[in-house]
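Asks: The following block contains the structure, expressed as structure tokens.
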Amino acid sequence: MKETVLKWGSQANTWLYLFLAYPLIDYLLRNILPIPVVSSFWDEVLLMILSVFTLLAYLEGNRTMPKIKHVLSALFVLGIALTVTDMAVWKASVEGFRSIYQYLIAFFMGFYLLKSVDQLEKLLKVLVLVGFVTGLYGVIQVVLGVQTPGSWVQEGEAITTRAFSFVTSPNVLGSYMALIAPIATGLFIKVTNRKEKLLWAGVTLITLLALLLTASRGAWFALAFSLFICVYIWKKRVALVLVLVGIIGVIGLYNVPDAVPGLGSLKNRVFGIFTKEYLESSMQAGRLDRWGDAYDKMRIEPLFGVGLGHHGGAVGYRHFGTIYSDSYFFKSLAEFGLIGITLLLIFVTMMLRNGVKAVQAWRNSPHFFLLLGLFCGIFAVAFHNFVENIFEVPFMALYFWLFGGIFSALYADHIQSKRG
């Protein structure tokens, strides 16, 4: 029996490696080596295979999910209820349900398929190397002067070349790099071999450079805030020093002349959002206007929203011509209503809380900084969703929920070990 478990556990790891290489495999199959049917459905097949392994792990009964399961169950029941009671446009409702809950399955995968922190370290190395390739591609784009599509360049800005690699947009690449860079940093701190340290140091620098070259303000601010939170978890005094350094840096950047190459453009990009012109433009046909539109949709049906897939995302755009909300949480407010958005935010908050508890439980372990880096990355992604529809991107949603499940598993194991 033990040999059987070890065998399917090893096979599950193999499929998880493919899962972590999602953006690279998806790009190759859709653009370089397109294979009929396979290119369109390979990810669904992969999810089904991993779901089988997850079910086997669940049946073993070695890990019990903590209180977060109650909120998750309520969120699933609400989604099903909203779908079956809104069948006037059934294609949009079903597709809207799938676009949210299909990726939430990754939470269960992370929770039940994690066997050890050593296994997690191996998985993270694959994740970071794939992220490195993605980020390097984006850096090369900027070096070669590849023009960014006009929809991602704000009118009147000097920056016309933004790194976007092969992952949809600069903002998505920015969020992806905000996930990868802290994990690479954690690997750099953890390993003792000099060659490995040089490797992870190089990966960290390239992913941070790619993040900078995306010119994604949301990703920049999300990572900066996440770094503060994680340094605070590590050492409160160092966090205060970090704040002082940040203030000095902001003041210094603000006083940089516009004519300085690179820094002048960076200054305008960062501080441009605080100008009267930007606010007026955003309120007329920009992000603030879209948030207001989502809020107005919620007011129509305050408790249960206008329906899954009906507003603010890819499904709403295809079926109803609605524009993106530029905030996954505002999109959810419009579609889920107050009850749904409350459950979603509670679930994400509990998941992140489990992450903090898990990281603190490993404080005296060599894995501490690796886990802290992982938490920093997923926290940045969560925060970025307040200003972007990052969870609309399949691989970003899958990564987030997978690692949220892994942190919840580590916390559950910690609780179980304390009990005896």
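Asks: Name the residues in segment 190-213 that are buried (at least 16 other Cβ atoms within 10 Å of the Cβ) and either outside any helix (DSSP H, G or I) or touching a strand residue (DSSP E or B) at 6+ places or on another chain (Cβ under 6 Å) (or both), would you?
Replies: 191
Asks: Could we say that residue 87 is at pLDDT 95 or above and of a type outside the set (Phe, Trp, Tyr) here?
Replies: no
Asks: Out of the residues in segment 250-274 that are of a type outside the set (A, V, I, L, M) and exposed (fewer than 11 other Cβ atoms within 10 Å of the Cβ), which is farthest from the chain's Cα centre (by Cα)?
Replies: 257
Asks: When the residues of segment 321-351 are narrowed to those that are assigned to a helix (DSSP H, G or I) and among the charged types (D, E, K, R), which ends up nearest to the chain's Cα centre (by Cα)?
Replies: 331
Asks: Okay, moving on. Has segment 50-65 got any residue that is modelled with pLDDT under 90, at positive phi and not aliphatic (A, V, I, L, M)?
Replies: yes
Asks: Does any residue of segment 296-308 turn out to be surrounded by 11 or more Cβ atoms within 10 Å (Cβ to Cβ), in contact (Cβ under 8 Å) with a residue 40 or more places away in the chain, in contact with a helix residue (DSSP H, G or I) (Cβ under 8 Å, 6 or more places away or on another chain) and in a helix (DSSP H, G or I)?
Replies: Yes; the residues of segment 296-308 include at least one that is surrounded by 11 or more Cβ atoms within 10 Å (Cβ to Cβ), in contact (Cβ under 8 Å) with a residue 40 or more places away in the chain, in contact with a helix residue (DSSP H, G or I) (Cβ under 8 Å, 6 or more places away or on another chain) and in a helix (DSSP H, G or I).
Residues checked against (1) farther than 20 Å from residue 396 by Cα; (2) not hydrophobic (A, V, I, L, M, F, W, C):
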position	(1), (2)
12	yes, no
31	no, yes
44	no, yes
69	yes, yes
78	yes, no
85	yes, yes
92	yes, no
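Asks: List, please: which pairs have Cβ atoms under 7 Å, are six or more places apart or on different chains, and start with a residue in segment 275-287 that is over 16 Å from residue 218 (Cα atoms) and end with one that is in a helix (DSSP H, G or I)?
Replies: These pairs meet every condition: 283/289.
Asks: Return the only residue of 64, 14 being exposed (fewer than 12 other Cβ atoms within 10 Å of the Cβ), closer than 21 Å to residue 120 by Cβ and in contact (Cβ under 8 Å) with a residue 12 or more places away in the chain.
Replies: None of the other options fit; the residue is 64.
Asks: If I ask for residues that are surrounded by fewer than 11 Cβ atoms within 10 Å (Cβ to Cβ) and charged (D, E, K, R), which ones from segment 222-249 would you list?
Replies: 236, 237
Asks: Ok, one more. Return yes or no: is residue 283 in a helix (DSSP H, G or I), surrounded by 23 or more Cβ atoms within 10 Å (Cβ to Cβ) and among the hydrophobic types (A, V, I, L, M, F, W, C)?
Replies: When the stated conditions are applied, residue 283 does not pass them.
Asks: Go through 185, 192 for me and flag whichever is among the polar types (S, T, N, Q), free of Cβ contacts under 8 Å to residues at least 60 places away in the same chain and under 23 Å from residue 118 (Cα atoms). Give the derivation first.
Replies: Working: 185 fails: free of Cβ contacts under 8 Å to residues at least 60 places away in the same chain.
Exactly one residue qualifies, and that residue is 192.
Asks: Could I ask something else about it? Among the helices (runs of 4 or more DSSP H) lying completely within segment 214-278, list those that include at least 3 residues that are touching a Leu at 6+ places or on another chain (Cβ under 9 Å), within 16 Å of residue 179 (Cα to Cα) and modelled with pLDDT under 85.
Replies: By residue number, no helices (runs of 4 or more DSSP H) qualify.
The values are calculated or read from the model by the stated rules, or taken from the named source; none is laboratory data. If you're wondering where the values come from, they're calculated on a predicted model, not measured in any experiment. Please note: Cβ atoms are built from the backbone with ideal geometry, for glycine as well, and neighbour counts cover all protein chains shown.
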